[in-house]
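> So that we are looking at the same thing, I have put the structure below in structure tokens.
The values are calculated or read from the model by the stated rules, or taken from the named source; none is laboratory data. The shown structure was predicted, so the numbers you read here are calculated from the model rather than taken from an experiment. Ideal geometry is used to build each Cβ from the backbone, glycine not excepted, and the neighbour counts take in all protein chains shown.
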Amino acid sequence: MEHLLSEITPWVIKYGLLVVFVGMIVEGTMMILITGFLCYLGMLPLKESILVAILGAVTGDQMWYLLGRYASDTLLQRFDKLKAGIEKLSQKVIQKGDYLAFSSRFVYSGAVLFPMTLGMSRYPYSRFTLLDSIGISIWAIVGISIGYMFSASAEKMFGEIKTIEHLLLYIIAIVAMVSVYRRYKKTKQKD
């Protein structure tokens, strides 16, 4: 078991940036922290990981924006929760469209709802792309840095990562932190 970490390192180095790109399209919060963790371990290059994370997140947001603009009727008929969230947000687009475009990745569930709502509302595409890209760039740098710093702190507290068990423990800790944060945000939004 002790050498398993050294055995998976070449796989992560070979396919890691592709996984980061796809992960940022699918689920950004968890992926951004894990990316920072893998950068800390030296399995992924930091600068390239930030760039790939930004490109993946922008690609995902563009997809949701375009789906909102051109396929929203079909999607909203199938997903009631999505419809309720978008209807609630649609009223704010006129007043806060720039804020929604900039902050989609900073707000829980905003990565899907904000771009889709802006697309449905015919918010200007070029303005969305600019503000969204700026927000995502800041979010990616901060998020990867947090994952990196958390890993450094965890390693000081728990010791050097030498086995796959250590790696899994760190990943579970990151997942737990994100889950607790999401639950906190959900209960706060309900109040």
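> Suppose the filter is at pLDDT 70 or above and not in a helix (DSSP H, G or I); does M43 pass it? First the steps, then the outcome.
Values: at pLDDT 70 or above: yes; not in a helix (DSSP H, G or I): yes.
It is true that M43 is at pLDDT 70 or above and not in a helix (DSSP H, G or I).
> Among the candidates L38, L66, L82, single out the residue that is touching a helix residue (DSSP H, G or I) at 6+ places or on another chain (Cβ under 9 Å) and at pLDDT 90 or above. Steps first, please.
Numbers: L38 fails: at pLDDT 90 or above; L82 fails: at pLDDT 90 or above.
After applying the criteria, what remains is L66.
> If you scan segment 105-138, which residues turn out to be surrounded by fewer than 19 Cβ atoms within 10 Å (Cβ to Cβ) and among the aromatic types (F, W, Y)?
Residues satisfying the conditions are F106, Y108, Y125.
> Name the residue that is surrounded by the most Cβ atoms within 10 Å (Cβ to Cβ), counting only residues in segment 92-104 that are modelled with pLDDT of 85 or more and of a type outside the set (F, W, Y).
A101
> While we're here: R122 is checked against (1) more than 27 Å from A173 (Cα to Cα); (2) at pLDDT below 90; (3) in a helix (DSSP H, G or I) and fails just one. What number does that condition carry?
For R122, the exception is condition (3).
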